[in-house]
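The values are calculated or read from the model by the stated rules, or taken from the named source; none is laboratory data. None of the values given here were measured: they were computed from a predicted structure. Because the Cβ atoms are built from the backbone with ideal geometry, glycine has one as well, and the counts that use them run over all protein chains shown. Areas reflect the complete protein model, heavy atoms only, side chains present, ligands, DNA and RNA absent. Shrake-Rupley method; radii C 1.70, N 1.55, O 1.52, S 1.80 Å.
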Amino acid sequence: MKTRHLISTTALTFALAGAATANELRDYAEDIFEPLPSTIPALADNPVTPEKIDLGKALFFDPRMSASGVFSCNSCHNLATGGDDNMPTSIGHGWQKGPRNSPTVLNAVFNTAQFWDGRAPDLAEQAKGPVQAGVEMANTPENVVATLKSMPQYVEWFEASFPDQDDPVSFDNFAKAIEAYEATLITPAPFDAWLNGDDDALTEEQVAGMELFIDKGCATCHSGVNLGGNGYYPFGLIEKPGADILPEGD
Ligand code: HEC
Ligand code: HEC
């Protein structure tokens, strides 16, 4: 009896100590990270409606948006393989090898800016790039609009998505619809549930990994809502690495 009592008290003490540290750790982690929301975020100048999401989805998967009729957004941002193509650099129009790696479109809506160099402020601006890039879809805005207008179903979808406009089938609206669809590509994970207060969402090993991630300085750059993508930083926290590490050119 006595021994048993002792064991349960010890267990209780440990459990309480564990709970206290778990909460402390969460408070600490909440200062550094932010959970992904489970609902679609609002977009600047682009109200998200079910019609617009459906239109954007059709456009995202449609290879007719490329000059060759071969490449869609999904060719390089394959949603079945994590939102990218899993190649060092992408292959586009005429099977040309592009100069850069395709980042994932999953959770891209939370990036401070788009592209590796941040040259597009948001997803709508971004979506106009690949359509026109010679190594990607090699098309022109005029040709995209003409192609879309030639298909009555698309005209109907644009009218339903932009009901107040006289001429809704435009390159700007093409980009806005894709942006609305991409805003739905969000993937809250166990880590986000843990940040939101669910202790059981992560295993002990995973929590230990997160502590290491913070301790080792990874979280200096990988912080905020998407574990990164919230800023642009020079390589080398302490000093700029030499040519042995920095790539030539890009
Ligand atoms: C031929 C391959 C290819 C196609 C097709 C393509 N992309 Fe990309 N995408 C890339 C590459 C490569 C980058 C990075 C380029 C850069 O940073 O200069 C990129 C960047 C992006 C980004 C920025 C993500 C980030 O984290 O910065 C988004 C969003 C995106 N593409 C969406 C699209 C959409 C929408 C389409 C269709 C309209 C599309 N892409 C078509 C290869 C492609
Ligand atoms: C000085 C800022 C900085 C620090 C510190 C840093 N990273 Fe990164 N990390 C980046 C940048 C920028 C990229 C994207 C560029 C690239 O992939 O070459 C990246 C890419 C990554 C990726 C690939 C992500 C993807 O989507 O492909 C992983 C994983 C990663 N970092 C983990 C870590 C870990 C683990 C640590 C700590 C040991 C760490 N990083 C420290 C800036 C940093």
Flag for ALA219 being open to solvent by less than 40 Å² (accessible area, probe 1.4 Å) and away from ligand 2 (no atom under 11 Å from the Cβ): no
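Residue check: is ALA138 on the phi > 0 side of the Ramachandran plot and within 16 Å of ligand 1 (Cβ to nearest atom)?
Judged against the criteria, ALA138 is a match.
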Members of the stretch 70-89 found to be open to solvent by less than 30 Å² (accessible area, probe 1.4 Å) and hydrophobic (A, V, I, L, M, F, W, C), listed by number: PHE71, CYS73, CYS76
Residue among PRO241, PRO234 that is over 27 Å from ALA80 (Cβ atoms), open to solvent by less than 90 Å² (accessible area, probe 1.4 Å) and either away from ligand 1 (no atom under 16 Å from the Cβ) or part of a helix (DSSP H, G or I) (or both): PRO241
Filter result (open to solvent by less than 60 Å² (accessible area, probe 1.4 Å) and touching a Lys or Arg at 6+ places or on another chain (Cβ under 9 Å)) within the stretch 183-208: THR184, TRP194, LEU195, GLY197
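Quick grid of which residues meet (1) in a loop (DSSP other than H, G, I, E, B); (2) surrounded by 15 or more Cβ atoms within 10 Å (Cβ to Cβ); (3) in contact with a helix residue (DSSP H, G or I) (Cβ under 9 Å, 6 or more places away or on another chain):
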{"residue": "ARG26", "(1), (2), (3)": "no, yes, yes"}
{"residue": "ALA42", "(1), (2), (3)": "yes, no, no"}
{"residue": "VAL48", "(1), (2), (3)": "yes, yes, yes"}
{"residue": "LEU55", "(1), (2), (3)": "no, yes, yes"}
{"residue": "ARG64", "(1), (2), (3)": "no, yes, yes"}
{"residue": "SER68", "(1), (2), (3)": "yes, no, yes"}
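Restricting to the stretch 67-101, count the residues that are within 15 Å of ligand 2 (Cβ to nearest atom), touching a Gly at 6+ places or on another chain (Cβ under 9 Å) and closer than 23 Å to THR187 by Cα.
The number of residues fulfilling the criteria is 2.
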Criterion: under 13 Å from the mean Cα position of the chain (by Cα) and of a type in the set (Asp, Glu) - qualifying residue of GLU182, GLU142, GLU159: GLU182
Output for the stretch 112-151, where each listed residue is closer than 16 Å to SER75 by Cβ, open to solvent by 60 Å² or more (accessible area, probe 1.4 Å) and not in a loop (DSSP other than H, G, I, E, B): GLN132
Failed item in (1) surrounded by 14 or more Cβ atoms within 10 Å (Cβ to Cβ); (2) among the polar types (S, T, N, Q); (3) modelled with pLDDT of 95 or more, with GLN165 passing the rest: (1)
Matching entry among GLY82, GLY98 (being more than 7 Å from ligand 1 (Cβ to nearest atom) and touching a residue at least 12 places away in the same chain (Cβ under 8 Å)): GLY82
